[in-house]
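These notes concern the structure reproduced below.
Here, each number is a calculation from the coordinates, and none is a lab measurement. Nothing here was measured: the structure is a model prediction, and the numbers come from that model. When we count neighbours, we look across all protein chains shown, and the Cβ atoms used for this are built from the backbone with ideal geometry, even at glycine.
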Amino acid sequence: MTTACAPGKVILFGEHAVVYGRPAIAAPVTQVRACALVEDAPRRQGVFIRAEDLQVNHYLGVPITDEHPAYPLESTVRHTLARLGIEAIPDLTLTVSSTVPVARGLGSGAAVATAIVRALAQHFGHALTPDEISELVYQTEILHHGTPSGIDNTVIAFGRPVWFVKDQPIEILRVGQPLWLVIGDTGIISPTKLAVADVRQGWQQEAERYEALFNRIGAVAGRARKAIEGGDTATLGRLLNENQQLLEAIGVSSPELESLVDAARQAGAMGAKLCGAGRGGNMIALVRPESAQPIADAVRAVGATNVIVTHVAATDAQFGHTRGEGPPLDAPGTLTC
């Protein structure tokens, strides 16, 4: 048997604008993850996919609609087997599990697909690069999101903070000082595909206004990169707040998100904003390590259904190792509920 896992992710800056070619910054969240277990099965079984979290028990090839929860899982398996050059359907049982909340902006679909790709590749003795994994997972992201930017599959496949611009080479981001984050879940399901489609409709109707907003979001991401690399967390907090204002102007915030954002700021967060598609899902707050728990308690007190305290570790150099206190990015962390 072979097991592989993948983390969740947060977009720190640039969501929605990234779909239109502006830069974005994202980081992995190792406190939540998806795992895939591949086991050899009896002859002539074919591929059996089991995902209890999604209530899926499915044999590869059994007719399903593209709305069925097994559809993206089957598509990921088929794309991966084709990339590995495996033409005949093997006899395997694929068991998928995930603690990444669905439709909450934490990259659930990309994490599951990444775990499946890694597990299948390792099971058949293939070493796929992060670029190759990301490319395969992007095919699944299209099923989930319609017109994805590609940032989710990238940050999850690489497992490092990234500076992402669509159709440009990936840059692993240097982190000057650890970034401590409180992530609060509104408990509201918000499919990315719907929010992205609504923003596209707004852009089509008011192209000049939306382009100006996207430009401002891209500029915020550029300043945030300098702050992250320079370890300037005070500036970074102010930029999170500015990014939130721009996302509100685009129309992807919600009263529930803004309640969590306000609670985090009032409890001492340096900055806070929604994370991901918006309209629900999660908000993120940049905090000092000593204030993380009080801020988490404050966010929970105003209605967060789940709270994660996590951090992005400092790195010595581009493509370098993590340094400073705390676990490396590929180590498990602590989940606070």
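Among Met283, Met1, Met270, what is the fewest-to-most ranking by other Cβ atoms within 10 Å?
The order, fewest Cβ neighbours first, is Met1, Met270, Met283.
Tell me the Kirkwood hydrodynamic radius of segment 149-257 in angstroms, computed as one over the mean inverse distance between distinct C-alpha pairs.
Kirkwood hydrodynamic radius for segment 149-257: 15.7 Å.
Using Cα positions and a limit of under 16 Å, work out the lysines in reach of Lys9, with same-chain residues fewer than 8 apart set aside.
Cross-link targets: Lys273.
If you take all C-alpha pairs in the chain, what percent of them are over 38 Å apart?
For the chain, the fraction of Cα-Cα distances above 38 Å is 14 percent.
Averaging sequence separations of C-alpha pairs under 8 Å and six or more residues apart, then dividing by the length of segment 174-336, give the relative contact order as a whole percent.
Relative contact order of segment 174-336: 36 percent.
I'd like the Karplus ³J(HN,Hα) series for segment 258-271: coefficients 6.51, -1.76, 1.60, θ = phi - 60°, whole numbers in Hz, and an x wherever there's a Gly or Pro.
5, 5, 5, 4, 4, 4, 5, 5, 5, 7, x, 5, 6, x
Work out, in µm²/s and without decimals, the Stokes-Einstein translational diffusion coefficient of segment 225-320 at 10 °C, 1.306 mPa s, Rh from Kirkwood over C-alpha pairs.
So the translational diffusion coefficient is about 115 µm²/s.
I'd like to know how segment 174-336 sits against the 2.2 N^0.38 Å rule of thumb: what's its Cα Rg over that expected value?
Working it through for segment 174-336, the quotient is 1.06.
Taking the Cα centre as origin and putting +1 on Lys and Arg beta-carbons and -1 on Asp and Glu beta-carbons, what dipole magnitude results for the chain, to the nearest 20 debye?
The dipole of the chain has a size of about 360 debye.
Cut-off is 10 Å between beta-carbons; in what order do Tyr71, Tyr138 appear when sorted fewest neighbours first?
Tyr71, Tyr138
Determine, for Glu135, Glu256, the number of other Cβ atoms within 10 Å of each Cβ, and report the residues in order from fewest to most.
Ranking Glu135, Glu256 by Cβ neighbours within 10 Å, fewest first, gives Glu135, Glu256.
Nearest 5 is fine: what % of DSSP beta bridges in the chain come out antiparallel, could you say?
90
Expressed as cubic angstrom per residue, what is the convex hull volume of the alpha carbon set of segment 68-215?
Enclosed volume per residue, from the Cα hull, is 162 Å³.
Quick one: work out Rg over Rh on the C-alpha atoms of segment 2-164, Rh as Kirkwood radius.
Dividing the radius of gyration by the Kirkwood radius yields 0.96.
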